[in-house]
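Please read the structure below before turning to the comments.
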Amino acid sequence: MVFCLPNGMKPRVFSGVQPSGDLHIGNYLGALKNWVKMQADYECIYCIVDLHAVTIYQIPSELRAKIRELAGLFLAVGIDPKQATVMVQSSVPAHAELAWMLTCVTPVGWLQRMTQYKAKAATQETVGDGLLQYPVLMAADILLYQAQIVPVGDDQTQHLELTRDIAQRFNSLYGETFVMPQTHLPLVGARIMGLDDPESKMSKSSSAPGHAVALLDPPDVIRKKIMRATTDSRPAVNFDDLGPGVRNLLNIFQAFSDWSDAEMRAHFEGLGYGETKKRVAEMVIASLEPIQRRYREVCAEPGYIDRVLREGAERVLPIANSTIELVKERMGLYTFAS
Ligand code: ATP
Ligand code: LTN
């Protein structure tokens, strides 16, 4: 579906990924694959959210490298910097500035209820305040650009609801200021589960070796991880009674191949698990091969990634500054007399 504006302007899309851990096929199928599809029809801003990553301690030298790696992967999956803007969150200070202003209208109880906060806080010895404020910074990312559409995986729907609640509260306190953003989920692939544990979401922060397929994993590693994926004791694929592990593998195949449900059934019904896994592994390997090739090309071009990131920040700066001026004006904060 393409959202239309009266004057021919394209609706604005914003989304982000944290430069923490290795980008995996869940991130690709849940978010980035959609981002690529949307860039021709929308004004897209794709952001590397490094300020979000540091809500949990990151080794500085590794974070610095991960930011460039992630930018390279954005380009490698097909994001075209001529069509879409690729930028780093901390290079536009207005993200943090707006986050502070929004923090002041956000009840702390709303933040303490977030499931991601509760899950991540449980893994930390000391919980930094940034982890609690994480969804406010995410709201600021989106509202700063008055984005209408936010393409994400299923795990972000609660954060998007909170973003709308914060925007509504701000608008009712200070007058109509922010556009209400809509969540955009993929039809297939919105929630890819861990290969080792199909009851939990595939996640960058898991350290279990067979948990996720990274976008840069070599073919033999992909094959090994998929062949060892947790399934069940049923003899073969039965679409009327799929266990969670097999459902997840078939979901991965379908999201990569874009096959219909009928095609999936015709191809896999009654097939043994060993052969099913082989076909899934070959589909994943073949789909990632051009991404990995393009990634090597992007990295081989000296200065290219940094140029894209600098131009991205320059392109969005006027939008960010005009929102900050509007918000300051609405809240009664000081602005220089002109
Ligand atoms: P972390 O474990 O560090 O929180 P993550 O793997 O959840 O990382 P994010 O950077 O938080 O990755 O998410 C980037 C994008 O990928 C978001 O749009 C998110 O919804 C999507 N995403 C993350 N995991 C999955 C998944 N398992 N299936 C589908 N989409 C996912
Ligand atoms: N919290 C998101 C990353 C993120 C984001 C955003 C996504 C930060 N800011 C703005 C969409 C829009 C996650 O995927 N963990």
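Values quoted throughout were computed directly from the atomic coordinates according to the rules given, and no laboratory measurement underlies them. Please read these numbers as outputs of a predicted model, since none were measured by experiment. In this analysis, Cβ positions are derived from the backbone assuming ideal geometry, glycine residues included, and neighbour counts consider all displayed protein chains.
One line per residue, one yes/no per condition, for (1) more than 15 Å from ligand 2 (Cβ to nearest atom); (2) buried (at least 23 other Cβ atoms within 10 Å of the Cβ):
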| site | (1), (2) |
| --- | --- |
| GLY30 | no, yes |
| ALA40 | yes, no |
| ILE56 | no, no |
| SER61 | yes, no |
| VAL108 | yes, no |
Those residues of region 118-175 which are in contact (Cβ under 8 Å) with a residue 12 or more places away in the chain, small (Gly, Ala, Ser) and surrounded by fewer than 18 Cβ atoms within 10 Å (Cβ to Cβ), in sequence order: GLY128, GLY130, GLY175
Checked pairs for region 281-296, first farther than 19 Å from ILE226 by Cα, second surrounded by 15 or more Cβ atoms within 10 Å (Cβ to Cβ) and not hydrophobic (A, V, I, L, M, F, W, C), C-beta under 6 Å and 6 or more apart or across chains, list as TYR295/GLY72
When you go through (1) under 18 Å from the mean Cα position of the chain (by Cα); (2) of a type outside the set (Ser, Thr, Tyr); (3) within 16 Å of ligand 1 (Cβ to nearest atom) one by one for PRO81, which number turns out not to apply? (3)
Which one of these is within 16 Å of ligand 2 (Cβ to nearest atom) and either touching a helix residue (DSSP H, G or I) at 6+ places or on another chain (Cβ under 8 Å) or under 22 Å from ALA286 (Cα atoms) (or both): ILE226, ILE192, ILE252? ILE192
Region 18-37 residues that are farther than 13 Å from LEU70 by Cβ and part of a helix (DSSP H, G or I), paired with ones that are polar (S, T, N, Q) and within 13 Å of ligand 2 (Cβ to nearest atom) (beta carbon under 8 Å, 6 or more apart): GLY26/SER203
Quick check on region 299-318. Is at least one of its residues in contact (Cβ under 8 Å) with a residue 24 or more places away in the chain and part of a loop (DSSP other than H, G, I, E, B)? no
